[in-house]
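Every number here is computed from the coordinates shown, using simple stated rules; none is lab data. These figures come from a predicted structure and were not determined experimentally. With ideal geometry, Cβ positions are generated from the backbone for all residues, glycine too; neighbour counts draw on all protein chains shown.
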């Protein structure tokens, strides 16, 4: 049995998984890195998951996400890419040997510049399992979108795009906010598509953004259209830069509404993507736990680069 | 004699110019659109410039900038491009016939999308006069940088880039702010150059930005370097998108420190730019007043597209 936890910046969620990977129970709470005091992590974990642990004394707990950052429970140094499941298993930070571990994030060096993720790596491996692929581009949209290139079951490339954060800043705090509605309840696909198409043209993001204002100034776009247009411009810019090859295997992992926007935008670039939801995290942590089972059976630590042949917990 | 006023969003500045263009006196105050109530413009103008007007009863007053916007003293509709000095003269909004007028901004349609400026147009014509050119790319960096293509003395193309505003948002309100110093007092040219060079490479702005964070995370860049790196990334992105041709005539108009950064960044793209300071606004308004003198002499309104042959006030 596995207690899989995705513990992020603003919230946590956990699942109790059977040996065959079935989700037996789920739990979520708005207790993330930002709301937990230094030294308060063990107590928070006990408060949220103590009952499950007492009910299942042999459960293995794997915690992924910002819980392993410098400001988290304990710092789990990034696993350098290329990184497969065996590499992550090798570098787990055990808080209670054999019982409770933090999953390291992954760092990748691109053209002399580092990029990092924490938590998304387990979703990547989960998404690959769900899709039955070992080579793919996995996209995890959000505040900081991650584009992950996986080859032979190992994370080889990683690019973070600050799309969601820039959207929020521009949406609510820039001059553009003056002609946008107070909330995003009305999402208008045509305006979104116009933004995506515009972002794929030359001109540059900093310039394209200003058209949200000028179109409002000349009353050629409604406030609700403006918000969807802005969303399309930012996601389109991300796609323009990430430039997935038409025909490549792309998996979008995330909240269904956001994943659907990315899928729609990718289609405009000629890329047919599939989507995977929150279950990717559980599947990835189960696959990682499967590695541990295998390691225990083999009685030796895994070697980097050797993907698991079988997984006792996850399959 | 001319009273030239540049009246913007947060401040105003004015100059009293002799018939030969010499600046006789200057005045500035922190009274812009944001601090003037509806209906309060005439009183503000009287308070700031009444003494000059009484001392020089025949002075002509030309006001450029946001004073002519919908939220300003009176809305002066944008002059559509291509627009030369004669077009602006033709479309002045006279508040007191022959004595006090608001200069219209310029709007240009690019690929079906409008772009606009208010106030920068007089700086553009002033910069051309100072440089002795009628064909050039004029760059006006700032909160909303303007790239203006002038051919045959007329503004033909215009692209606004939200560079300064995005810098301020990212610098002070994004996750990047956590690893940046409280102020920008230390500008580090090497870090700035690295940002410019990086922005000229593929990857996209939304991705490049994140390296400001990861370099700090791995202690490969100091906080002060981070701020200059971010500045370079944004200005580099603007240049990458605007893509002035190497060898073309580029004039950067603005505050000397900011203009110098753009000049430096342009040099890294192989473009040798000259810089012009705040005097461009006075020179442009004097040239516009010269058009009026010429029109009065000729006794008929100017035709769009006919640049002034002589200028009694400005030369």
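Observations on the structure shown:
- If the segment from residue B:131 to residue B:99 were pulled out straight at 0.36 nm per residue, it would be longer than the present Cα-Cα gap by 8.6 nm.
- Label point distance in nm, residue B:272-residue B:178, each placed 7 Å from Cα along Cα→Cβ: 4.7
- Within region A:216-237: backbone nitrogen closer than 16 Å to the residue B:109 label point (7 Å, Cα to C-beta): A:216-221
- Rounded, prolate or oblate (a/c below 1.5 giving rounded, otherwise prolate when a/b exceeds b/c) for region B:94-135 by Cα gyration tensor: oblate
- Ascending list, in nanometres, of distances separating the residue A:74 label from those of the other copies (7 Å, Cα toward Cβ): 7.5
- The Rg/Rh ratio for region B:163-276, using Cα coordinates for both the radius of gyration and the Kirkwood hydrodynamic radius, is 0.97.
- Pseudo-label separations to other copies for residue B:256 - Cα-to-Cβ vector, 7 Å, nm: 6.2
- Efficiency of FRET between residue B:24 and residue A:38 - r from beta-carbon atoms, R0 56 angstrom, step 0.05: 0.30
- GNM result for chain A, Cα springs below 10 Å: residue of A:237, A:26, A:279 fluctuating most strongly: A:26
- As computed over the protein assembly as shown, the Cα convex hull volume per residue (Å³): 157
- With Cα atoms, 0 to 90° folded angle of helix A:189-199 axis to chain A main axis: 90
- Counting only DSSP beta bridges with both residues in chain A, the antiparallel share comes to about 65 percent.
- C-alpha long axis of helix B:223-242 to longest principal axis of chain B, angle in °: 60
- Helix axis angle, B:256-268 relative to chain B longest principal axis, alpha carbon, degrees: 60
- Histogram of C-alpha separations across region A:126-188, 5 Å bin width, %: 4, 16, 17, 16, 12, 10, 9, 9, 5, 1
- GNM remark for chain B: springs join alpha carbons under 10 Å apart, and the peak mean-square fluctuation among B:184, B:115, B:197 falls on B:184.
- Peptides A:222-231, A:148-157, ordered by how many other C-beta atoms sit within 10 Å of their residues on average, highest first, read A:222-231, A:148-157.
- Chain A - percent relative contact order, Cα under 8 Å, separation 6 or more: 19
- Ellipticity estimate at 222 nm from DSSP helix runs (n ≥ 4, -39,500 (n - 2.57)) divided over chain B, nearest 500: -12000 deg cm²/dmol
- Region B:64-221: translational diffusion in µm²/s, Stokes-Einstein, Kirkwood Rh over Cα pairs, 4 °C, 1.567 mPa s: 71
- Kirkwood estimate for chain A, i.e. one over the average of 1/r between Cα atoms, Å: 20.5
- Distances in nm from residue A:185 to the matching label points in the other copies, shortest first (labels 7 Å along Cα to Cβ): 4.9
- Ranked A:16, B:285, A:85, criterion: other C-beta atoms within 10 Å, fewest first: A:16, A:85, B:285
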